[in-house]
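The values are calculated or read from the model by the stated rules, or taken from the named source; none is laboratory data. Predicted model, so just to flag it, every value in this text is computed and none were measured. Cβ: placed from backbone, ideal geometry, glycine included. Neighbour counts: every protein chain shown.
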Amino acid sequence: MTRTLLWLIGGLLLGGVIHIVAILTLPLLAEETTWSRISAFKAENRMLVLDRVTQGTPNPLRLDPELSYGVCEIDLSNGPAYLSGVLPDAFWSVAVYDQNGVVIYSTTNRDGIGQTVELGIFNAAQTRLLAQQQIDIADGLLIVEAPTNQLFVLVRLSAPHEAMRSRFEQELSEINCGPRT
Amino acid sequence: MRFVLRLLLSIAIALTVGFGLSYYALTDGRLFGAVTLGPWTAWPDAGSPAPNPYTRGHLTREAALQLGRSEGLQFVATTDSDNAPLKLECSYLLAGHVPVSAFWTLSAVDATWVNLAAPGTDPALRSSEIVRETDGMFRVHIGTRLRPGNWLELAGEGEFQLVLTLYDTTALSGFASSDASMPSITLEQCS
């Protein structure tokens, strides 16, 4: 009886190990990830406005139908990336994602930025150069330090009325994204 | 013989516990990373730069664009306040308040996240589009049958889930002593 109990406890412990291994390896084993879905848009260094969500169509990225989304893929190995432009006077937010689909930085225009987006994204080495004043940046640039080079930026823009949405999406697509030329 | 039986038993337990617990942690997740407020579930850690391993697994399974911490929080309800699954054959009343936020949107989706609003209508309701009571409380009718007042008109049949996204919210951020009260979902009638 005791021996059976020991075997049971052994089974439970092994189950715990399987659980931990499954949870930790899942992100590494997944084939269809946020990153693969985003890179399918081929939006390197340009702001691409995603199609609106409508009734009855698949929505794998789980977008909110009320919002407009602009996505831009950046690679910091060629130098720091910048996001700059002017957005309409409505709610908008910027999020920077890494390859795991984790949001490494996010902000909204309610944090006192106003309508102007000026964001610089630097990796660790570039941040060091920045601190040594070896990279010139404009005043008032929001600095984001990224742990990896492969990233994408997502801008969410909310048009208060449907009638404004096309104009807002046009302004969203005019945001500059990518290395400074 | 006995040894083989015990070995098989412990392997069976290990597999069931290991994979069962993992599946539970990433779907329901109540004990692991998810927070439930009445019928609503949210993963508050989903928008943080260093999510815990369970939230990371959840993010991978969804492969969706998560809201960052400062952008907002998404709540999903698959049941009404009495824990019965939401069905398109029935109509529901959403009533109450939401935590402080710049604005919010409400939409209905099926299990694969396809929007279920009736064709020709707005695919989601936005907080600025609804009529409120004098005390700030709101009532939204949800379903395929014609209802008075605020109505999120749906089409189709089967089970669905409600998605309430709060933008720029203090809910579950831990900063304010915010009242994290979410609206209730009450069954009105079924056809």
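Go through the stretch A:31-70 and count every residue that is more than 9 Å from every other protein chain (Cβ to nearest Cβ) and in a strand (DSSP E or B).
5
How about the stretch B:47-78: which of its residues are assigned to a helix (DSSP H, G or I) and either small (Gly, Ala, Ser) or free of Cβ contacts under 8 Å to residues at least 24 places away in the same chain (or both)?
B:Gly47, B:Pro53, B:Thr55, B:Arg56, B:Gly57, B:Leu59, B:Thr60, B:Glu62
Quick check, is B:Asp110 touching an Asp or Glu at 6+ places or on another chain (Cβ under 8 Å), crowded, with 16+ Cβ neighbours inside 10 Å and among the charged types (D, E, K, R)?
no
Of all residues in the stretch A:98-126 being of a type in the set (S, T, N, Q) and within 14 Å of chain B (Cβ to nearest Cβ), which is surrounded by the most Cβ atoms within 10 Å (Cβ to Cβ)?
Among residues in the stretch A:98-126 that are of a type in the set (S, T, N, Q) and within 14 Å of chain B (Cβ to nearest Cβ), the one surrounded by the most Cβ atoms within 10 Å (Cβ to Cβ) is A:Ser106.
Which number in (1) in contact with a Gly (Cβ under 7 Å, 6 or more places away or on another chain); (2) of a type outside the set (Lys, Arg); (3) more than 9 Å from every other protein chain (Cβ to nearest Cβ) marks the one condition that B:Asn83 misses?
Going through (1) in contact with a Gly (Cβ under 7 Å, 6 or more places away or on another chain); (2) of a type outside the set (Lys, Arg); (3) more than 9 Å from every other protein chain (Cβ to nearest Cβ) one by one, B:Asn83 breaks only (1).
For the stretch B:51-92, which residues satisfy the criterion of being over 27 Å from A:Thr107 (Cβ atoms), polar (S, T, N, Q) and under 14 Å from the mean Cα position of the chain (by Cα)?
Correct list: B:Thr78, B:Thr79, B:Ser81, B:Asn83.
Run B:Arg126 past the list (1) under 19 Å from the mean Cα position of the chain (by Cα); (2) charged (D, E, K, R); (3) more than 7 Å from chain A (Cβ to nearest Cβ) and report the number of the one that doesn't hold.
(3)
Considering only residues of the stretch A:165-181 that are in a helix (DSSP H, G or I) and exposed (fewer than 13 other Cβ atoms within 10 Å of the Cβ), which is nearest to the chain's Cα centre (by Cα)?
Looking at residues that are in a helix (DSSP H, G or I) and exposed (fewer than 13 other Cβ atoms within 10 Å of the Cβ), I get A:Gln170.
When only residues in the stretch A:13-30 that are part of a helix (DSSP H, G or I) and surrounded by 15 or more Cβ atoms within 10 Å (Cβ to Cβ) count, which is farthest from the chain's Cα centre (by Cα)?
Looking at residues that are part of a helix (DSSP H, G or I) and surrounded by 15 or more Cβ atoms within 10 Å (Cβ to Cβ), I get A:Leu14.
Quick check on my filter: what residues within the stretch A:80-106 are hydrophobic (A, V, I, L, M, F, W, C), in contact with a Ser or Thr (Cβ under 8 Å, 6 or more places away or on another chain) and part of a strand (DSSP E or B)?
Matches in the stretch A:80-106: A:Val86, A:Trp92, A:Val94, A:Ala95, A:Val96, A:Val103.
Quick test for you: out of A:Leu83, A:Leu87, A:Leu28, pick the one residue that is within 14 Å of chain B (Cβ to nearest Cβ) and either in contact with a Cys (Cβ under 6 Å, 6 or more places away or on another chain) or modelled with pLDDT under 95 (or both).
A:Leu28
Under 8 Å by Cβ, and 6 or more places apart or on different chains, what pairs join a residue from the stretch B:103-122 that is part of a loop (DSSP other than H, G, I, E, B) with one that is of a type in the set (Lys, Arg)?
Cβ pairs passing all conditions: B:Trp113/A:Arg62.
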